[in-house]
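Have a look at the structure below before the remarks.
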Amino acid sequence: MNVLGIDIGGSGIKGAPVDTEAGRLVEERLRVPTPQPSAPGEVAGAVADIVKHFDWTGPVGVTFPGVVVDGVVRSAANVDRSWIGVDAAALFGGASVLNDADAAGVAEMRFGCGREQRGTVLMLTFGTGIGSALFIDGRLVPNTELGHLQLHGKDAEHRASARAREEHELSWETWAERVQEYLEHVEMLFSPALIVIGGGVSKKAAKFLPHITLSTPVEPAMLQNEAGIIGAALAARP
Ligand code: BGC
C-alpha cells in the first residue's frame with residue numbers, strides 16, 4: 001500500500017508517497033527548508049504543506065531528529081529545544097512518529113544492505129548530527145543516540161558529523177580520520193556484524209570510505225537519502 005513518508009531534518013523536510021511493499025517512492029519527493037527557528041508550530045505547518053501538496057488523506061509517517069517515545073519528543077539536539085515534551089504524533093494529526101535514524105535503519109534493513117542480515121547491525125547516519133539505529137537479528141532497539149558518545153570530552157557528532165566537516169572546512173581525508181576514530185569506538189562497544197553508513201554522505205561514499213579501515217564490514221546505505229522517507233512510511237502502515 002502507499003503511505004506518505006516525511007523526513008524532518010535539521011536543514012530540510014522531505015516527503016513523498018511510498019509504495020511500502022516495494023520500498024520505493026511513487027512520486028517525486030518534495031523538499032521544503034526546515035523553518036528557522038525550528039519550533040513545533042512552524043515545523044507542523046511545513047509538514048501540513050507537504051500533506052496538502054500530495055493531496056494526501058491516507059496514513060502518514062514522520063521522522064524526527066531526536067528521541068521519540070510513544071510519539072512524544074524527548075530530546076532535541078539539532079532542532080528548537082521547545083520540542084522537548086511535545087506530543088509530535090498528536091501535533092502531526094495522528095501520524096506515526098519515530099527517530100530519523102531509526103526510520104532510515106528500518107528501511108535499510110528491509111530493502112537495502114541490511115536485508116537477511118542476522119546478528120548486530122548498526123546504521124549510523126552522518127548529517128547535521130550523527131544518528132544511530134541498532135538492530136539485533138533484524139529487530140530495532142529504538143532511540144540509541146550513539147551520536148552523543150563522547151570522544152575527546154566532546155559529543156562525537158560535534159567532531160564527526162557531515163555538518164562538522166563543512167563547518168570546519170575539513171578535507172574528506174581529514175574528516176575520514178575523525179569518522180575512523182568514532183567507528184573504532186562504536187566497533188569496540190558493540191562488535192557488530194555490519195555497519196551501514198547513511199545520511200547525505202552515503203552518496204559520496206567513494207570520497208571517504210576508502211580511508212576507513214575496520215574489522216567490521218562498512219557499507220554505504222543503498223537507499224541513500226530516501227531511507228528516512230521510506231522508513232517513516234513503513235512505520236505508519238496500518
Ligand atoms: C539526535 C538524534 C538524531 C541524530 C540525527 C542527534 O543529534 O540526538 O536523535 O537521530 O541527531 O539527526
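Quick look at the numbers
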| quantity | calculated |
| --- | --- |
| Among the candidates V32, V43, residue that is assigned by TED's automatic domain parsing to the domain that holds G9 and within 16 Å of the ligand (Cβ to nearest atom) | V43 |
| Residue list for the range 51-67, filter: within 25 Å of L140 (Cβ to Cβ) and more than 16 Å from the ligand (Cβ to nearest atom) | G58, P59, V60 |
| Filter result for R110 (part of a loop (DSSP other than H, G, I, E, B), away from the ligand (no atom under 16 Å from the Cβ) and not polar (S, T, N, Q)) | no |
| Close pairs from the range 19-33: first closer than 20 Å to G9 by Cα, partner surrounded by fewer than 15 Cβ atoms within 10 Å (Cβ to Cβ) and not acidic (D, E), Cβ under 9 Å, at least 6 apart | L30/H53; V32/H53; P33/S11 |
| Set D70, D87, D100: member being within 15 Å of the ligand (Cβ to nearest atom) and among the charged types (D, E, K, R) | D100 |
| Where E145 falls short, out of the listed (1) modelled with pLDDT of 95 or more; (2) more than 8 Å from the ligand (Cβ to nearest atom); (3) open to solvent by 50 Å² or more (accessible area, probe 1.4 Å) | (2) |
| Single condition D137 does not satisfy, out of (1) closer than 30 Å to R24 by Cβ; (2) within 16 Å of the ligand (Cβ to nearest atom) | (2) |
| Among the residues listed as E169, E181, the single one being among the acidic types (D, E) and farther than 22 Å from T213 by Cα | E169 |
| Answer from E177, E157, E167, E184 - the residue that is within 16 Å of the ligand (Cβ to nearest atom) and surrounded by fewer than 18 Cβ atoms within 10 Å (Cβ to Cβ) | E167 |
| Check on V196, of a type in the set (A, V, I, L, M, F, W, C), in contact (Cβ under 8 Å) with a residue 40 or more places away in the chain and in a helix (DSSP H, G or I) | no |
| Number of the condition not met by W83 [criteria: (1) in the same structural domain as V218 (by TED's automatic domain parsing); (2) over 21 Å from R237 (Cα atoms); (3) surrounded by 16 or more Cβ atoms within 10 Å (Cβ to Cβ)] | (1) |
| Subset of the range 39-70 [part of a loop (DSSP other than H, G, I, E, B) and open to solvent by less than 10 Å² (accessible area, probe 1.4 Å)] | G66 |
| Failed criterion for V121 (all others in (1) surrounded by 15 or more Cβ atoms within 10 Å (Cβ to Cβ); (2) not in a strand (DSSP E or B) hold) | (2) |
| Which numbered condition A193 fails, given (1) surrounded by fewer than 18 Cβ atoms within 10 Å (Cβ to Cβ); (2) at positive phi; (3) not polar (S, T, N, Q) | (2) |
| Search result, residues across the range 9-33 that are surrounded by fewer than 20 Cβ atoms within 10 Å (Cβ to Cβ) and among the β-branched types (V, I, T) | V26, V32 |
| Checking A76 against (1) within 16 Å of the ligand (Cβ to nearest atom); (2) not in a loop (DSSP other than H, G, I, E, B), the condition it does not meet | (2) |
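The values are calculated or read from the model by the stated rules, or taken from the named source; none is laboratory data. Everything quoted here is computed from the prediction, not taken from an experiment. Counting neighbours? That spans all protein chains shown, and the Cβs are built from the backbone with ideal geometry, glycine included. Protein only, heavy atoms only, side chains kept; ligands, DNA and RNA dropped before computing areas. Shrake-Rupley method; radii C 1.70, N 1.55, O 1.52, S 1.80 Å.
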